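Colleague: Dropping a structure here in structure tokens format, bear with me for questions.
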Amino acid sequence: MSACLDIANLSAVLPNGQRVLRSVSLAVQPGEVRALVGESGAGKTMIGKAVLGVLPSSVRLVEGDMLLEGEDLGRLQPKARRTLIGARTALIPQDPLTALNPSRRIGPQMTDRLVRILGWSGEKADRRTRQLLDEVQIRDPERVLKSYPHELSGGMRQRVLIAAAFAAEPRLIVADEPTTALDVTVQKQILRLIAALQREHGTAILFVTHDLGVVAKISQKVSVLYAGKVVEEADTAALFAAPQHAYTRALMAATPRYTDPFASLKPVDGAVLAGLAAEIAAADLAWRRPHG
Amino acid sequence: MDEARTSRRGPSPRLWLAGGWLLLALLAAIFAPLVAPQDPLAQDLMLERLPPFWLDGAEPGYWLGTDSLGRDLLSRLIFGGRIAFIVAFAAAIAACLVGSTLGLIAGYFGGWADRIISRVVDIWMAFPPVLFAILLVAVLGTGLSSVILAIAIIDWTRFCRVIRAEAMGQSRMDYVENARIAGYGRIGIMLREVLPNVVPSIVALLSLEMGIAVIVEAILSFVNLSISTDDPTWGSIIAEGRLSIHQAWWVLVFPLITLILTVLSFSQFGEALKARFDPVLR
């Protein structure tokens, strides 16, 4: 069975030649949740954007392949690529405040997309939308469908976005820190909701997060990212039982413990980072040579 | 829910006052031949410089007095309103169409389109607007259409700048990216996702621009470069009133008040409409 998403050797550079993704390889099997964990600026979001074809114009992919259900995204014509990505993927964004169009009501925003992507009739799309709102436990779908985004709370908006992401039955969802912008109390509910819908629909998820606690709860596989490089990749259970890479261990040691709220926050061990920096510099040098 | 919202916000006096004046002036202009008490062009030297109705020596039927040729001031203001409104609507809409389209393209697409459009706007705005207008009318020839054209040619940059900035801000929002992922084309996203969010600003600017067009038209008639010397316009009445300020102050003061009220109403009406149109401000 071919992977739902297969990224091989993906590298991206900024206009100044700096590498932001360093030969990233990762695969997401159908129905599997793969967490992508790392610090801010590690390139987690960049990978998600690369898959979805919405990289900022300044970032250039210089090598590597991305296969979405066996189809090579790099080989497709732009229009065919857009259609494929639109039909097979969806995004659960980080910030529910800006991810809905403020001047359009929720209902048309959700149904338009189904009509457009799947060629459904308006009536069928409407029924589907209501069903999904029910699945994300929105009790008053009639009111929500008629609302403008600013009339809903952050948690409600994130529910709407989750419903919208699952509505078109995509094979792969990129969840880009979907709980970061929410209250701690709401975070847990949203996370449970995503996990429940994921199981029910059998959707593969690339789950971008900086929170190891979230990783442990939701994912089966993990890739640990540092400076655009996958430093460790493992089954979630195995990773937490026995982290192999020094950086993973340092990252885990730096996770705050709620059992001791007065302990000061620990930064990631400097010696580990220095070692990693040297490793990356050497790798970059080696990478540049054959490319001139 | 809509009722609750309205009552919480209360009626907007700004909207009603400004809109009321504009409606009154517009209706008077449209039905000028019916509502004007006198023929605006009829001269009568026996009736020259009659004062407005509450002063001694006023004649019934000449409510705001007459000018130095004995023409009725109120009728001239009402007929002048016709040209003012025609210029306001036509010039503002033309400037809006050109400026908003270019602004939307520059703001949404960015890159080369933005660089070219923005440089043109910069160069355009280096010209002093009034001088530019006088120059344009001198080249195009006087007449209603060249006044409208001149105002549109000068003022499209106002729309372009504002709409570009707004479209740029909206384009960075996640909902635009989401539409990209869903497979919508760029032009489709520009029109369906971005445009509705800049419409409130377009409406406000359009109304503001109508006021500005009224001023520019008045300036052009003031320097005798507008329509023709026969048809009354607010600017030409002001120009005549200036000459007889010491003998008949009303010939200058009433058209000035009309002009100021109209321009102010346009800008206030636009602001109030923007608040109504914007789902977030609402």
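The values are calculated or read from the model by the stated rules, or taken from the named source; none is laboratory data. These figures come from a predicted structure and were not determined experimentally. Every residue, glycine as well, gets a Cβ built from its backbone with ideal geometry; the counts of neighbours run over all protein chains shown.
Colleague: List the residue pairs whose Cβ atoms are under 9 Å apart, where the first residue sits in segment B:45-63 and is closer than 17 Å to B:PRO255 by Cβ and in contact (Cβ under 8 Å) with a residue 40 or more places away in the chain, the second is of a type in the set (A, V, I, L, M) and part of a loop (DSSP other than H, G, I, E, B), and the two are 6 or more positions apart or on different chains.
Modeller: B:ARG49/B:ALA248; B:PRO51/B:ALA58; B:PRO51/B:ALA248; B:PRO52/B:ALA58; B:PRO52/B:LEU64
Colleague: Where in segment A:178-252 are there strands (runs of 3 or more DSSP E), lying fully within it, with 1 or more residues that are without any contact (Cβ under 8 Å) to a residue 24 or more places away in the chain?
Modeller: Ranges flagged: A:229-235.
Colleague: Could you check B:MET168 against (1) surrounded by fewer than 22 Cβ atoms within 10 Å (Cβ to Cβ); (2) touching a residue at least 60 places away in the same chain (Cβ under 8 Å); (3) within 13 Å of another protein chain (Cβ to nearest Cβ); (4) more than 13 Å from B:LEU97 (Cα to Cα) and say which number it fails?
Modeller: Looking at each condition in turn, B:MET168 falls short on (3).
Colleague: Does any residue in segment A:23-43 that is within 21 Å of A:THR180 (Cβ to Cβ) come within less than 7 Å, Cβ to Cβ, of a residue that is surrounded by fewer than 16 Cβ atoms within 10 Å (Cβ to Cβ) and not aromatic (Phe, Trp, Tyr) six or more places away or on a different chain, and which pairs are these?
Modeller: Listed pairs, sorted by first residue: A:VAL33/A:GLN220.
Colleague: For B:PHE132, indicate whether it is away from chain A (no Cβ under 14 Å) and among the hydrophobic types (A, V, I, L, M, F, W, C).
Modeller: So B:PHE132 fits the description; yes.
Colleague: Being assigned to a loop (DSSP other than H, G, I, E, B), closer than 16 Å to A:SER11 by Cβ and hydroxyl-bearing (Ser, Thr, Tyr) is true for just one of A:SER58, A:SER103. Which residue is that?
Modeller: Exactly one of A:SER58, A:SER103 is assigned to a loop (DSSP other than H, G, I, E, B), closer than 16 Å to A:SER11 by Cβ and hydroxyl-bearing (Ser, Thr, Tyr), namely A:SER58.
Colleague: If only one of A:ILE173, A:ILE138, A:ILE162 is touching a helix residue (DSSP H, G or I) at 6+ places or on another chain (Cβ under 9 Å), part of a helix (DSSP H, G or I) and among the β-branched types (Val, Ile, Thr), which one is it?
Modeller: Result of the check over A:ILE173, A:ILE138, A:ILE162: A:ILE162.
Colleague: A follow-up question, please. So for segment B:221-230 (the condition being within 23 Å of B:TRP21 (Cβ to Cβ), within 14 Å of another protein chain (Cβ to nearest Cβ) and out of contact with any strand residue (DSSP E or B) (no Cβ under 9 Å at 6 or more places or on another chain)), does at least one residue qualify?
Modeller: no
Colleague: Identify, please: which residue in segment A:240-272 is of a type in the set (A, V, I, L, M) and over 14 Å from A:GLY38 (Cα atoms) and is, among those, surrounded by the most Cβ atoms within 10 Å (Cβ to Cβ)?
Modeller: Per the stated criteria, the residue is A:VAL272.
Colleague: Exactly one condition in (1) more than 30 Å from A:ASP211 (Cα to Cα); (2) of a type outside the set (Ser, Thr, Tyr); (3) part of a strand (DSSP E or B) is not met by A:GLU63; state its number.
Modeller: It fails just one condition, (1).
Colleague: Might you check whether a residue that is among the β-branched types (Val, Ile, Thr), within 14 Å of chain A (Cβ to nearest Cβ), surrounded by fewer than 20 Cβ atoms within 10 Å (Cβ to Cβ) and in contact with a Phe, Trp or Tyr (Cβ under 7 Å, 6 or more places away or on another chain) occurs anywhere in segment B:182-193?
Modeller: No - not one qualifying residue is present in segment B:182-193.
Colleague: Would you mind telling me which numbered condition in (1) within 13 Å of chain A (Cβ to nearest Cβ); (2) closer than 30 Å to A:GLN94 by Cβ B:VAL203 fails?
Modeller: The number of the failed condition is (2).
Colleague: Does A:LYS124 qualify as being touching a strand residue (DSSP E or B) at 6+ places or on another chain (Cβ under 9 Å) and in a helix (DSSP H, G or I)?
Modeller: no
Colleague: Residues of segment A:67-100 being within 8 Å of another protein chain (Cβ to nearest Cβ), of a type in the set (S, T, N, Q) and more than 15 Å from A:ILE162 (Cα to Cα), which ones?
Modeller: Passing the criteria: only A:THR83.
Colleague: Right, here's the next one. Considering A:ARG116, A:ARG105, which residue is within 14 Å of another protein chain (Cβ to nearest Cβ), surrounded by fewer than 23 Cβ atoms within 10 Å (Cβ to Cβ) and modelled with pLDDT under 90?
Modeller: A:ARG116
Colleague: Continuing with the same structure: Only one of A:ILE205, A:ILE190 is at pLDDT 95 or above, closer than 19 Å to A:GLU135 by Cβ and not aromatic (Phe, Trp, Tyr); which?
Modeller: Only one candidate qualifies: A:ILE205.
Colleague: Which residue out of B:LEU97, B:LEU77, B:LEU104 is surrounded by fewer than 23 Cβ atoms within 10 Å (Cβ to Cβ) and part of a helix (DSSP H, G or I)?
Modeller: That would be B:LEU97, the only listed residue that is surrounded by fewer than 23 Cβ atoms within 10 Å (Cβ to Cβ) and part of a helix (DSSP H, G or I).
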